[in-house]
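Each remark here refers to the structure printed beneath this line.
The values are calculated or read from the model by the stated rules, or taken from the named source; none is laboratory data. Quick caveat: nothing in here was measured; it's all calculated off a predicted structure. So basically every Cβ, Gly included, is an ideal-geometry build from the backbone, and we count neighbours across all protein chains shown.
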């Protein structure tokens, strides 16, 4: 089964850079989260969580929108 391509919003790219997050942590959290919850304020958005052992077991939260529509 082919994995879907990931696209990052400008906000996500800024947060990744500012927080010095590794792309492998983000992909692992998206593809194999330890738990998932719906975002209470944004319909259609999931919050995916995973502890990152390489970062002191801190929990990473990645907000995921499936099939987002692009704006101009």
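Quick rundown of the values:
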item	result
Single match in 7, 63 (criterion: in contact with a strand residue (DSSP E or B) (Cβ under 6 Å, 6 or more places away or on another chain) and either touching a residue at least 24 places away in the same chain (Cβ under 8 Å) or surrounded by 14 or more Cβ atoms within 10 Å (Cβ to Cβ) (or both))	63
Tally, over region 9-42, of residues that are within 10 Å of residue 62 (Cβ to Cβ) and assigned to a loop (DSSP other than H, G, I, E, B)	2
Residue 72 being within 11 Å of the chain's Cα centre (by Cα), at pLDDT below 95 and not in a strand (DSSP E or B)	no
Those residues of region 14-41 which are exposed (fewer than 13 other Cβ atoms within 10 Å of the Cβ), without any contact (Cβ under 8 Å) to a residue 12 or more places away in the chain and over 19 Å from residue 4 (Cα atoms), in sequence order	14, 17, 18, 19, 20, 38, 40, 41
Residues of region 55-68 classified as over 12 Å from residue 24 (Cβ atoms) and in contact with a helix residue (DSSP H, G or I) (Cβ under 7 Å, 6 or more places away or on another chain), total	2
Within region 42-54, considering residues that are in contact with a helix residue (DSSP H, G or I) (Cβ under 9 Å, 6 or more places away or on another chain) and surrounded by 14 or more Cβ atoms within 10 Å (Cβ to Cβ), the one nearest to residue 8 (Cα to Cα)	48
In region 43-60, residue farthest from the chain's Cα centre (by Cα) [restricted to those that are part of a loop (DSSP other than H, G, I, E, B) and free of Cβ contacts under 8 Å to residues at least 12 places away in the same chain]	56
